[in-house]
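Data block below; observations after.
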Amino acid sequence: MPDVLGYRAKFGVLGPSTNTVVEPEFYMMSPPGVTCHYGRIYIRDQRLGNDEQFEHLLVQIREAIEQTVREVMTCEPDYLVMGMSAETFWGGKEGNEEFTRKIERWSERKVSTGADACRRALELFGVRRIGVITPYQPVGDAQVRRFFTECGYDIVALEGLKCPSAVAIAHVTEDRLRQAILEVNKPDTEAIVQVGTNLSMVRLADEAERWLKKPVIAINAATFWHALRANGIMDQLRGFGTLLREY
């Protein structure tokens, strides 16, 4: 019997316990019959003020994520969606592939990751030179740069916002994000990618595409688009960018 509300798909979403943006943005983008069920990866120390603290946050995620997978699987989701991005970029292209295999082994479900979703979106748009926005410290930016470079993309400009804590990422204002978009929009930038799932940029990216006349990919929109299409759900949704509207 199908779920009464999630009769088309039930998504188990894995995200840090500090994240306050993924849930509402995924709910906002969910078409009728698709439901999202959030599993919180426990973060006991959310400081991100330097490279060492940033790497310590990733250690905490690695320690807690298998248990979170077990917990979210108790609602019997059809598919998993990563509501965090840093770990999906770690180790470059091979690191993302290994992370995906690990989650799929634990859950016996397929999974969409932010890194792979952004790569597939860029392939669709047929671009190679990108600008990137992150909330990370330099150690995290280096991993993002490595992933895209290994996938064949040239990072023209990267703006790392260096947020001091995991919760503080959600405090970044639309004005600051708009400024970051303009800073990475160099003359040879063909597309802009925003990573960091606790940055709320889905609606701003949709707006920015209209005045920049180029793709602006918010990672939450890309990841949710990837999950929907992987499950055969082809609804074209407005207000969240070109990906969900046209592809």
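The values are calculated or read from the model by the stated rules, or taken from the named source; none is laboratory data. Note that the structure is a prediction, hence the values are computed from the model and not measured. A quick note on method: Cβ atoms are made from the backbone with ideal geometry, for glycine too, and the neighbour counts reach across all protein chains shown.
Given the options ALA157, ALA208, ALA168, ALA191, name the one that is among the small types (Gly, Ala, Ser) and under 19 Å from MET84 (Cβ atoms).
Testing whether each residue is among the small types (Gly, Ala, Ser) and under 19 Å from MET84 (Cβ atoms) leaves just ALA168.
Take ASP3 and decide whether it is of a type in the set (Asp, Glu), surrounded by 15 or more Cβ atoms within 10 Å (Cβ to Cβ) and not assigned by TED's automatic domain parsing to the domain that holds VAL172.
Criteria met by ASP3.
Restricting attention to the range 239-247, does a residue exist that is part of a helix (DSSP H, G or I), free of Cβ contacts under 8 Å to residues at least 60 places away in the same chain and over 25 Å from THR20 (Cα atoms)?
yes
In the range 131-187, what residues are basic (Lys, Arg) and either buried (at least 17 other Cβ atoms within 10 Å of the Cβ) or in contact (Cβ under 8 Å) with a residue 24 or more places away in the chain (or both)?
ARG145, ARG146, LYS162, ARG178, LYS186 - these are the residues of the range 131-187 that are basic (Lys, Arg) and either buried (at least 17 other Cβ atoms within 10 Å of the Cβ) or in contact (Cβ under 8 Å) with a residue 24 or more places away in the chain (or both).
Being of a type outside the set (Val, Ile, Thr) and not in a helix (DSSP H, G or I) is the filter; apply it to the range 117-130 and report the residue that is surrounded by the most Cβ atoms within 10 Å (Cβ to Cβ).
Out of the qualifying residues, it is ARG129.
So how many residues does the range 111-128 have that are over 23 Å from SER30 (Cα atoms) and free of Cβ contacts under 8 Å to residues at least 60 places away in the same chain?
Qualifying residue count for the region: 2.
Which of the residues belonging to the range 175-207 are assigned to a helix (DSSP H, G or I) and under 16 Å from GLY160 (Cβ atoms)?
Matches in the range 175-207: ARG176, LEU177, GLN179, ALA180, ILE181, LEU182, GLU183, VAL184.
Which ones in the range 65-92 are crowded, with 18+ Cβ neighbours inside 10 Å and either in a helix (DSSP H, G or I) or not assigned by TED's automatic domain parsing to the domain that holds SER30 (or both)?
ILE65, THR68, VAL69, VAL72, ALA86, GLU87, THR88, PHE89, GLY92, listed by residue number.
What is the residue count in the range 71-110 for residues that are without any contact (Cβ under 8 Å) to a residue 60 or more places away in the chain and either within 25 Å of ALA170 (Cβ to Cβ) or not basic (Lys, Arg) (or both)?
The total comes to 17.
Check off (1) out of contact with any helix residue (DSSP H, G or I) (no Cβ under 8 Å at 6 or more places or on another chain); (2) not in a strand (DSSP E or B) for GLU25 and give me the number that stays unchecked.
Exception for GLU25: condition (1).
Go through the range 6-28 and count every residue that is over 20 Å from ALA168 (Cβ atoms) and buried (at least 21 other Cβ atoms within 10 Å of the Cβ).
So the answer is 6.
Say whether the condition of being in contact with an Asp or Glu (Cβ under 6 Å, 6 or more places away or on another chain) and at pLDDT 95 or above is met by at least one residue in the range 32-50.
Taking every residue of the range 32-50 in turn, at least one turns out to be in contact with an Asp or Glu (Cβ under 6 Å, 6 or more places away or on another chain) and at pLDDT 95 or above.
Considering only residues that are over 25 Å from THR20 (Cα atoms) and either in a helix (DSSP H, G or I) or in contact with a helix residue (DSSP H, G or I) (Cβ under 6 Å, 6 or more places away or on another chain) (or both), which ones fall in the range 211-229?
Hits for the range 211-229 are TRP211, LEU212, PRO215.
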